[in-house]
Amino acid sequence: MQTILGANGQIATELARELKRRYTDEVRLVSRTPRKVNAADSLVSANLLDVQQTLEAVKGSRIVYFTAGLPPDTELWEMQFPTMLKNALDAARATGARFAYFDNTYMYPQDARLQTEEAPFAPVGRKGKVRAAMASMVLDEMARGEIPVLIGRAPEFYGPGKTQSFTNALVIEKLQAGKKPLVPVRDDTRRTLIWTPDASRALAALGNAPDAFGQTWHLPCCDERLTYREFVAMASEIGEREFAYKVIGQWALTAAGLFRKEAREIRELLPRYRQDNLFDSTKFKRRFPEFGVTTYRQGLELIWRGAAGT
């Protein structure tokens, strides 16, 4: 049995598909209101803030994937995320399950240095500090050595479906609606984005590779690092129409935070858009040389076809 904790998000959905497609017929989906992805999925309703419910949800699992997400609410993150993760780790340890933690890069320095698995933690803002504390919790469990543990870390998402990211919300969804894209902060810095189905497929590959445990892995991204200017131009070419875009400066986004809660919640991420974002996934690609990474052109073509209903 392979169990996904936090099973309704985009990463979990694609992960469930990949596990069934390539690794196991026994997939368990756990959330407060889980929904089947594959016809044979086992569903368990559980609140990961509850110790006993989490333990019962994990029992009988060979591998546990933690992909739980929360809305971008700082106080909610501080109050709930560490507890959810601790309960999941405790349950995995109590049942002897392997543990695969899906992580992001909020704890990394928001500068132009190359981000490898050895990058230091230097969080900016409260949400970054929460993610740093959570990653440290998983690293401590890894060092404890009682159960096999790994971290799969991803940069900013882009992709099909309800993918939560600046790029999807401000650029892709605007393009799909025929509206002017909004580029955050600058249009000339290089971005590293990960196609969400690639992130899920990679996490499944790691979870089913015994030698991957005991390590942190950067999930695989396209080696081509486009600027937003190039990204919008590529989308225009694929959509066969010209899309003008508008750059929204950091001061405007910061000022918006005075009035809109959503804008306040993303302010701490803005420094990363002032400079190149260079996320390196060489380690994963060397270990899994047959893994096919989706190019930006392929991803945008898939999104465009989906938007066009073809």
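Quick notes
- Long pairs among K86/K127; K86/K129; K129/K174; K127/K162, criterion Cα-Cα beyond 26 Å: K129/K174
- Here the simple spin-label model places points 7 Å from the Cα toward Cβ, and for A169 and D111 these points are separated by 2.8 nm.
- Exposure proxy ranking, count of Cβ atoms within 10 Å, fewest first, for T192, T33, T116: T33, T116, T192
- Estimated distance in nm for a label pair at A132 and A244, the labels positioned 7 Å out from Cα along Cα-to-Cβ: 4.2 nm
- D140-R35 FRET efficiency (beta carbon distance; Förster radius 35 Å; 0.05 resolution): 0.60
- Under 9 Å, Cβ to Cβ, from L43 - net charge with Lys/Arg +1 and Asp/Glu -1: +2
- Computed from the alpha carbon positions, the gyration tensor of the chain leads to an equivalent ellipsoid with semi-axes of 32, 22, 19 Å, biggest first.
- Cleavage-rule hits (chymotrypsin sites (Phe, Trp or Tyr not before Pro)) in segment 72-138: DSSP loop, at most 16 neighbouring Cβ within 10 angstrom: F121
- Debye log10 I(q)/I(0) at q = 0.18, 0.19 Å⁻¹ for segment 132-193, Cα point scatterers: -0.74, -0.78
- The eigenvalues of the Cα gyration tensor, multiplied by 5 and square-rooted, give segment 183-229 an equivalent ellipsoid with semi-axes of 29, 10, 8 Å from largest to smallest.
- Extended-chain gain in nm, criterion 0.36 nm per residue less alpha-carbon gap, D25 and K180: 51.4 nm
- Computed over the chain: relative contact order in percent, which uses C-alpha pairs under 8 Å that are six or more apart: 18 percent
- Exposure proxy ranking, count of Cβ atoms within 10 Å, fewest first, for R274, R305, R201: R305, R274, R201
- Stretchable slack from S42 to L76, in nm (0.36 nm times residue separation minus alpha-carbon distance): 9.4 nm
- Stretching the chain fully between R274 and E56 yields a gain of 73.9 nm (0.36 nm per residue, less the alpha carbon separation).
- Taking only the Cα atoms of segment 90-165, the ratio Rg/Rh comes out at 1.02, with Rh defined as the Kirkwood radius.
- Compactness relative to 2.2 N^0.38 Å, alpha carbon Rg of segment 3-101: 1.00
- At q = 0.17, 0.19 Å⁻¹ the log10 of I(q)/I(0) for segment 101-211 amounts to -0.98, -1.15, computed by Debye summation with a single uniform scatterer per C-alpha, solvent ignored.
Bear in mind that the values in this text are calculations on the coordinates, not laboratory data. What you see is a predicted model; the values in this text were computed from it and never measured. All Cβ positions, glycine included, derive from the backbone under ideal geometry; neighbour counts span all protein chains shown.
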